[in-house]
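The values are calculated or read from the model by the stated rules, or taken from the named source; none is laboratory data. Only a predicted model underlies this, so the values are computations on that prediction, with no experimental measurement involved. Because the Cβ atoms are built from the backbone with ideal geometry, glycine has one as well, and the counts that use them run over all protein chains shown.
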Amino acid sequence: MSPSIRVRGRAELKASRRQRKHSCWGHLVAAPLWPLHGVNLGTLLRTCDAVGACLAVPRHPWVPDALRKGNTLRQPACVHWVGDPLGWLARERAAGSSVVGVELAEGAMRLADLPAARRRTVAVLGHEQSGIPDEAVALLDVAVEIPMVGSGSSLNVAVAGSLVLYKLAGLL
């Protein structure tokens with residue numbers, strides 16, 4: 001290791017982070033509203049904590065257990081329960097939130113060009129196989145595409161969501 005590089009210990013890292021618990025960060029919300037795999041929700045919950053975001057999830061019977069299993073931090077997280085994804089997105093947009101969809105769409109912005117969120121922003125993530133439904137695409141302010149050079153056509157929701165959340169939080 002280079003003499004100019006110093007690894008910070010857990011106590012030092014903890015002291016440099018937020019000093020109080022929150023009930024809702026409010027500024028950034030990850031919204032995997034059509035999830036297929038519960039493990040992706042747990043990964044996104046961890047990323048939300050890392051970037052200071054909240055998680056909006058649908059009221060499916062299996063989602064609470066997936067979040068419980070995935071919350072490796074073992075502390076309360078900011079989770080918003082959504083009964084009607086399309087209605088919730090429409091209300092968020094009407095209230096002034098920027099709605100950003102992670103989707104392969106014509107006219108989509110490249111992830112590298114996505115600016116940090118300057119106001120409340122909802123990052124919409126679609127179904128792992130079919131993406132964001134057409135009715136929800138109509139509610140997006142912007143679509144973001146994550147470039148890939150491999151043979152796959154997309155990343156899983158947890159990885160794509162994590163990349164976009166870090167970019168929106170201004171941490172990349």
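Could you say which residue among S4, S98 is surrounded by fewer than 13 Cβ atoms within 10 Å (Cβ to Cβ) and modelled with pLDDT of 75 or more? Please lay out each step first, then the result.
Working: S98 fails: surrounded by fewer than 13 Cβ atoms within 10 Å (Cβ to Cβ).
Exactly one of S4, S98 is surrounded by fewer than 13 Cβ atoms within 10 Å (Cβ to Cβ) and modelled with pLDDT of 75 or more, namely S4.
I'm checking my understanding of the structure. Among residues of the stretch 131-161 that are surrounded by fewer than 13 Cβ atoms within 10 Å (Cβ to Cβ) and free of Cβ contacts under 8 Å to residues at least 40 places away in the same chain, which one is nearest to E92 (Cα to Cα)?
A138
Select from the stretch 68-86 the residues that are under 18 Å from V122 (Cβ atoms) and either touching a residue at least 24 places away in the same chain (Cβ under 8 Å) or among the basic types (K, R) (or both) and list them in ascending order. Break it down stepwise before answering.
Narrowing the stretch 68-86 to residues under 18 Å from V122 (Cβ atoms): 77-86.
Residues satisfying the conditions are A77, C78, V79, H80, W81, V82, G83, P85, L86.
Yes/no per residue for (1) more than 14 Å from A31 (Cβ to Cβ); (2) modelled with pLDDT of 90 or more:
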| residue | (1), (2) |
| --- | --- |
| A116 | yes, yes |
| R119 | yes, yes |
| L125 | no, yes |
| A136 | no, yes |
| L139 | no, yes |
| G150 | yes, no |
| L155 | yes, no |
| L165 | no, yes |
| L171 | yes, yes |
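Please tell me if A56 is in contact (Cβ under 8 Å) with a residue 40 or more places away in the chain, crowded, with 19+ Cβ neighbours inside 10 Å and outside any helix (DSSP H, G or I). Before the answer, list the steps.
Working: in contact (Cβ under 8 Å) with a residue 40 or more places away in the chain: yes; crowded, with 19+ Cβ neighbours inside 10 Å: yes; outside any helix (DSSP H, G or I): yes.
Against the criterion (in contact (Cβ under 8 Å) with a residue 40 or more places away in the chain, crowded, with 19+ Cβ neighbours inside 10 Å and outside any helix (DSSP H, G or I)), A56 qualifies.
What strands (runs of 3 or more DSSP E), lying completely within the stretch 84-172, carry at least 1 residues that are more than 17 Å from V57 (Cα to Cα) and touching an Asp or Glu at 6+ places or on another chain (Cβ under 7 Å)? Outline the logic, then answer.
Working: elements: 98-102, 121-125, 142-145.
Because the criterion is at least 1 residues that are more than 17 Å from V57 (Cα to Cα) and touching an Asp or Glu at 6+ places or on another chain (Cβ under 7 Å), the strands (runs of 3 or more DSSP E) in the stretch 84-172 that meet it are 98-102, 142-145.
Scan the stretch 94-124 for residues that are under 17 Å from M148 (Cβ atoms) and basic (K, R) and report the count.
Result for the stretch 94-124: 1.
Return a yes/no flag: does the stretch 11-28 have any residue that is in contact with a Pro (Cβ under 7 Å, 6 or more places away or on another chain), of a type outside the set (S, T, Y), surrounded by 10 or more Cβ atoms within 10 Å (Cβ to Cβ) and modelled with pLDDT of 80 or more.
Within the stretch 11-28, none of the residues are in contact with a Pro (Cβ under 7 Å, 6 or more places away or on another chain), of a type outside the set (S, T, Y), surrounded by 10 or more Cβ atoms within 10 Å (Cβ to Cβ) and modelled with pLDDT of 80 or more.
Return the only residue of L89, L125, L111 being of a type outside the set (D, E), in contact with a strand residue (DSSP E or B) (Cβ under 9 Å, 6 or more places away or on another chain) and more than 15 Å from L163 (Cβ to Cβ).
Working: L125 fails: more than 15 Å from L163 (Cβ to Cβ); L111 fails: more than 15 Å from L163 (Cβ to Cβ).
From the options L89, L125, L111, the qualifying one is L89.
What's the number of the only condition in (1) surrounded by 14 or more Cβ atoms within 10 Å (Cβ to Cβ); (2) of a type outside the set (D, E, K, R); (3) without any contact (Cβ under 8 Å) to a residue 60 or more places away in the chain that A123 fails to meet?
A123 satisfies every listed condition except (3).
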